[in-house]
There are 2 protein chains.
Amino acid sequence: MKLTTKGRYAVTAMLDLALHAKDAPVPLADISRRQGISLSYLEQLFAKLRRNELVNSARGPGGGYRLNRAAEDIPVVAVINAINENVDATRCGGLGNCQDNEPCLTHELWMDLSERIHEFLAGISLGDLVSRREVQAISARQDGRVVERVLMADSSL
Amino acid sequence: MKLTTKGRYAVTAMLDLALHAKDAPVPLADISRRQGISLSYLEQLFAKLRRNELVNSARGPGGGYRLNRAAEDIPVVAVINAINENVDATRCGGLGNCQDNEPCLTHELWMDLSERIHEFLAGISLGDLVSRREVQAISARQDGRVVERVLMADSSL
DNA sequence: ACATTCCATACTATTTTAGTCAAGATATAT
DNA sequence: ATATATCTTGACTAAAATAGTATGGAATGT
Ligand code: FES
Ligand code: FES
């Protein structure tokens, strides 16, 4: 079972994308600023997300990343898998051979747990998260900072 | 979220204990042999399990470890927690402060996931596992080897 | 031309894992 | 008493993973 900052960052970044990708592509620099994730690290994560065809990209000014499918069609588990964090709690990877080519005493337990986790994360899409009220509130707070900054920049003209 | 070989070993060893602690204490050497876990490593794990009062010990010949409570009263999650593997999927440890002292975008998601995992592992006791048929079958297989060895030793007298 | 953005690769400090090893304390059987 | 089985403690370590940083380039819009 692997669920570390890497996977959490990936989901957070994808959710940021889903929240902001109304029209124009979203540059990683924006996500980095809003979510407090190192730009270089984001680049590594998005390389994997792109290889897994969860996002597509556009280079040059005005470029950035876009979701490759509707947010409703991207379950959270797909993002985590794309990052190479598998949601498997067994030691054997489901093969049932981790002790001398036979299932260990607790194989079934970890299989059951893995299934529960998988079900949960497969049942929630980025679209579901976008429509949650607390997510919208947090996103507004994060955008608020940016908006303030833009307004101040405008007022300085 | 941490669930590694360490936690799985601990649960496996405790289940072995539950299966064999009918009367006499069970020495770690037996568990090591049956479950294929390094003896020294088991010693480290049982030091923690003892500090958490999940097991008690008896030294000297005929000594070993015993469950400190009925198997039915030891949920799997207690074993994992005793080993210092917490079943928390958040980054903030539930505090909701992982981004600039405010909850990050995905805080609720990881909270929900943590709760699911905890519920699952708290709802299964060692006693439950002992009474599962596939666990009994695997245990019989493991004991089978030992029994054969004992029989051969006897027949050589 | 130039700034912006993605793209790719290599590097690294720190931490964790999954142990090993050594020395000792304690209880039991003979 | 002595030998042996067993727990108890602490130090040590090789290998892997994490969470990044650093550097340089390639494409694209203005
Ligand atoms: S976890 Fe699957 S066989 Fe041990
Ligand atoms: S995971 Fe709780 S605030 Fe980010």
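The values are calculated or read from the model by the stated rules, or taken from the named source; none is laboratory data. The structure presented is a predicted model; accordingly, all values stated were derived computationally and were not measured. All Cβ positions, glycine included, derive from the backbone under ideal geometry; neighbour counts span all protein chains shown. What goes into the accessible areas is simple: the full protein's heavy atoms, side chains included, and nothing from ligands, DNA or RNA. Shrake-Rupley method; radii C 1.70, N 1.55, O 1.52, S 1.80 Å.
Considering A:Leu105, A:Leu129, the condition of being in a helix (DSSP H, G or I) and touching a helix residue (DSSP H, G or I) at 6+ places or on another chain (Cβ under 7 Å) is satisfied by A:Leu129 alone. Being more than 16 Å from ligand 2 (Cβ to nearest atom), within 11 Å of chain A (Cβ to nearest Cβ) and not aliphatic (A, V, I, L, M) is a description that does not apply to B:Arg69. Criterion applied to A:Ala78, A:Ala89 was being within 28 Å of B:Glu115 (Cβ to Cβ) and away from chain B (no Cβ under 11 Å), and the one residue passing it is A:Ala78. Quick check on the range A:41-52. Is at least one of its residues open to solvent by less than 50 Å² (accessible area, probe 1.4 Å) and away from DNA strand C (no atom under 11 Å from the Cβ)? No: the range A:41-52 contains no residue that is open to solvent by less than 50 Å² (accessible area, probe 1.4 Å) and away from DNA strand C (no atom under 11 Å from the Cβ). Where residues in the range B:1-11 are of a type outside the set (Lys, Arg) and touching a residue at least 40 places away in the same chain (Cβ under 8 Å), which of them is most open to solvent (accessible area, probe 1.4 Å)? Looking at the filtered set, the residue picked out is B:Thr4.
Restricting attention to the range B:116-129, the residues that are at the interface with another protein chain (Cβ under 10 Å from one of its Cβ atoms) and surrounded by 15 or more Cβ atoms within 10 Å (Cβ to Cβ) add up to 7.
All conditions but one from (1) part of a helix (DSSP H, G or I); (2) modelled with pLDDT under 95 apply to A:Asp23; the one that does not is (1). What number of residues within the range A:80-103 are aliphatic (A, V, I, L, M) and either exposed (fewer than 15 other Cβ atoms within 10 Å of the Cβ) or within 16 Å of ligand 2 (Cβ to nearest atom) (or both)? Total satisfying the criteria: 2. Just one of the listed residues (A:Gln35, A:Gln44) is within 8 Å of DNA strand D (Cβ to nearest atom), at negative phi and polar (S, T, N, Q), and it is A:Gln44.
Checked against the criteria, A:Met14 does not count as within 11 Å of another protein chain (Cβ to nearest Cβ), crowded, with 22+ Cβ neighbours inside 10 Å and under 30 Å from B:Leu129 (Cα atoms).
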